[in-house]
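One structure is given below, encoded as structure tokens.
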Amino acid sequence: MLNRTAENVARATPEPLARKVRGISDKGLAWLFISPTILLLLAINIFPLFWAIYLSFTNYRANRPNEVVKNLGFANYQRILGDQDIWIAMQTTAHFVFWTILLQTLIGFTLAWLIDRKFRGHAFWTTLILVPMMLSPAVVGNFWRFLYEPQIGLFSYVISFVSGIPPTSIQMLSNVSMAPWSIIIVDTWMWTPYVMLICLAGLRSIPEYIYEAAEVDRASNWRQFWSITLPMALPFIMLAVLFRGIENFKMFDMVNLLTGGGPGSTTEVASITLKRQAFESWRTGYSSAFAIILFVAVFGLANIYVKALNKVKQR
Amino acid sequence: MSLTTAHSVVAPSANSKRIAGAIIIAYALISIVPLLWIFATSFKTPPDSIAYPPKIVFQPSIEGYCNLFTTRTRQTPEYINSLGPATGFCDETVRKRNMVIAGPSNFLPRFVNSLIIAFGSTFCAVFLGTLSAYGFSRFKVPLADDLLFFILSTRFMPPIAVAIPIYLMYRELGLSDTALGMILLYTAVNVSLAVWLLKGFIDEIPREYEEAAMIDGYTRLQAFWRTVLPQATTGIAATAIFCLIFAWNEYAFAALLTSGSAQTAPPFIPTIIGEGGQDWPAVAAGTTIFLVPILVFTILLRKQLLRGITFGAVRK
């Protein structure tokens, strides 16, 4: 009762009076609350970013800190854009992003669509499906290396059991044409549940009355799927694609542990190239320039994509 | 035509439900097999783990766990016999392979590092995140949208890209390979998620509660402490678990910025080797121990999962 009165009084009271406080002002408090986060991000994200921009114009090498640093202007950027290997790495990355997103969206949406039927025990099985995405990609990469081992690995054994191919010839990780797919398979296994969960939220957000109206109009199941289910779930699917796209563009852990970029450079994605240049060849300036190019690319693509997403949402 | 026809999506028929259920159950079971296999491998002996065809039925052994926690040296049978009775399970298991325990392995310290760094950074990220989220939710902050987007955009950077300057910065500051350095770094990575998620949770708490408290004579800070925080507990707990899972699972920064004393479990587990290659039962044992907390959290979190993985962009 008293509470209610207080609430009513509060609602009726003009803002400035309600906000009159002893001691620190609201404005001061707002900055006191927000500034630690901003300062931390400036120190650990923005300052390093600017440092990387500075380094990208130099020939600095982190393993030779005493050498004189020369300003190279845009030479690093020019060399990267003309470097055949870098373009191959970008192509490999694009290849991974394309296939993982395609597979994860198709399988993820289908699973969500089936779960949405709310069969008996669906909550339990959904939770079980979600487990792989909660694991550490590094640990996952490592134990899939075990599953992929020819002869002793479970994966090779099952494939050979089903197909009749001798297990020694199922060299997922060392075969040039299979190695990229070995990573795509693990990534799909791990992240399909992620897409599924977001799609499921999309399907659950469609109000039932729309289907009821469609039933009255005698729309076929296909028609309902194409003109209600899919368009209404589309913003959610696009959101899942955005998050997976950004993550897979940055993909490092899994590739590093499964193949380390090999055999040859068949699975060398951008992050692996970056690691090799920065922490193995110690070409700090050069790799910083590559890092900046990658960041701008992710940022630019994400921004264009978000604009498209907003358009779909507003429809 | 009735509103609920046999094949409508509004009320799926019993048959279509059954088919959907069968497909989902099949998918769930197949997708869980790799994990069950790792769990089973952790209880195999090294020879059983690399047997062909892979052994589904086997005599369980704790050798993998013994190998995970200890380092061993090979000795002659005569020497081992001269040592007297074995001092425990592991001693006995190891002796069967003509080895004696030389000392503890690095697994426990690495696991403890994971605990310290994950919990430390989670605490800091949630603390800073709660304050900022409250700030953004309740006050008119100039350029609030830009600041929020800036906070989110720090997640677009490939970790390797930031790792180069952070590596240099930490070398200058003496933070390389320290738990403090990793806590600061993971806090910075997680705070973006914490702010976005918590802002969503705090936005849902009616402002009237605080205003009523302030009418009663509380200051803004007291009102925050007594009315908002208790209401936001569930949201704070969910956010904390998401931050914890990220910090627990992180590999790229840990692999590049730590090598010894502050190394966490994810870069360590793949390096466990035995005689003649990777000691798969020990690796599987380490993986199993490492995964258990995550499995528990997944079950606890399933209701909030969607918010957490989409930065609160989607609500269930």
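Exceedance of the 23 Å cut-off in Cα-Cα distance is limited, within the set A:LYS250/A:LYS311; B:LYS140/B:LYS199; A:LYS250/A:LYS307; B:LYS55/B:LYS96, to A:LYS250/A:LYS311.
Among B:THR93, B:ALA40, B:TRP280, whose Cα projects farthest towards the positive end of the dipole of chain B, with charges put on the beta-carbon of Lys, Arg (+1) and Asp, Glu (-1)? Farthest towards the positive end: B:ALA40. Spatial offset of the range A:66-145 relative to the range B:31-83 amounts to 33 Å, using the alpha carbon center of each.
Pairs of Cα atoms nearer than 8 Å and 6+ residues apart set the relative contact order; for chain A it is 27 percent. Estimated translational diffusion coefficient (Stokes-Einstein, Kirkwood radius over Cα pairs, 4 °C, 1.567 mPa s) of the range A:220-315: 81 µm² per second. Result for chain A in a Gaussian network model with C-alpha springs under 10 Å: among A:ASN59, A:ASN71, A:ASN45, the largest mean-square fluctuation is at A:ASN45. Straight distance only, please: which aspartates and glutamates reach the Cα of B:LYS17 with their own Cα at less than 16 Å, same-chain residues fewer than 8 apart left out? Leaving aside aspartates and glutamates fewer than 8 places away in the same chain, those within reach of B:LYS17 are A:ASP116.
Longest stretch of chain B clear of exposed loop sites (GluC sites (Glu not before Pro), DSSP loop, at most 16 other Cβ atoms within 10 Å, sites excluded): B:1-203. Per-atom-type breakdown for chain A gives carbon and sulfur 65% of the accessible area (1.4 Å probe, protein chains only).
Only one residue of B:ILE205, B:SER121, B:ILE289 has its Cα farthest out toward the positive end of the dipole of the protein assembly as shown, where Lys and Arg carry +1 and Asp and Glu -1 on Cβ, and that residue is B:ILE205. Dividing the summed -39500 (n - 2.57) terms of all DSSP H runs of n ≥ 4 by the residue count of chain B sets its mean residue ellipticity at 222 nm at -19500 deg cm²/dmol. Of the trypsin sites (Lys or Arg not before Pro) found in the range A:197-238, the ones in coil according to DSSP and having at most 10 other Cβ atoms within 10 Å of their Cβ are A:ARG218. Multiplying the residue separation of A:LEU32 and A:SER220 by 0.36 nm and subtracting their alpha-carbon distance yields 61.8 nm. Distance from the Cα centroid of the range B:231-267 to that of the range A:190-250 is 32 Å (rounded to whole angstrom). Taking θ as phi - 60° and the Karplus parameters 6.51, -1.76 and 1.60, the scalar couplings of the range A:38-45 work out to 4, 4, 4, 5, 5, 6, 9, 10 Hz in sequence order, x denoting glycine and proline. Taking amide H as placed 1.01 Å from N in the peptide plane, B:MET99 has its amide H under 5 Å from the amide H of B:GLN75, each at least 5 places away in sequence or on another chain.
Under a model in which nothing but the beta-carbon of Lys, Arg (+1) and Asp, Glu (-1) is charged, the range B:1-152 shows a dipole of about 200 debye around its Cα centre. For the protein assembly as shown, the Kirkwood estimate of hydrodynamic radius, built from reciprocal distances between every pair of different alpha carbons, is 27.2 Å.
Contact residues in the range B:15-34 by the 40 Å² criterion (accessible area, 1.4 Å probe, full protein complex versus chain alone): B:LYS17, B:ALA20, B:ILE24, B:ILE25, B:TYR27, B:ALA28, B:SER31, B:ILE32, B:PRO34.
Chains B and A together bury some 10200 Å² of accessible area, summed over both sides, with a 1.4 Å probe. Kindly state, to the nearest 0.05, the FRET efficiency for A:ARG64 paired with B:LEU173, given R0 = 25 Å and r defined as their beta-carbon distance. After rounding, the FRET efficiency stands at 0.80.
Rolling a 1.4 angstrom probe over the protein heavy atoms with all chains in place gives the protein assembly as shown an accessible area of 45 Å² per residue. A Stokes-Einstein calculation at 20 °C with viscosity 1.002 mPa s, built on the Kirkwood radius of chain B over Cα pairs, returns a diffusion coefficient of 91 µm²/s. The simple Förster model, with R0 at 25 Å and r as the Cβ-Cβ distance, assigns A:LYS311 and A:ALA94 a FRET efficiency of 0.55.
The values are calculated or read from the model by the stated rules, or taken from the named source; none is laboratory data. Predicted model only: the values in this text are computed from it and were never measured. Here the Cβ is made from the backbone with ideal geometry for all residues, glycine too, and neighbour counts use every protein chain on show. Protein only, heavy atoms only, side chains kept; ligands, DNA and RNA dropped before computing areas. Shrake-Rupley method; radii C 1.70, N 1.55, O 1.52, S 1.80 Å.
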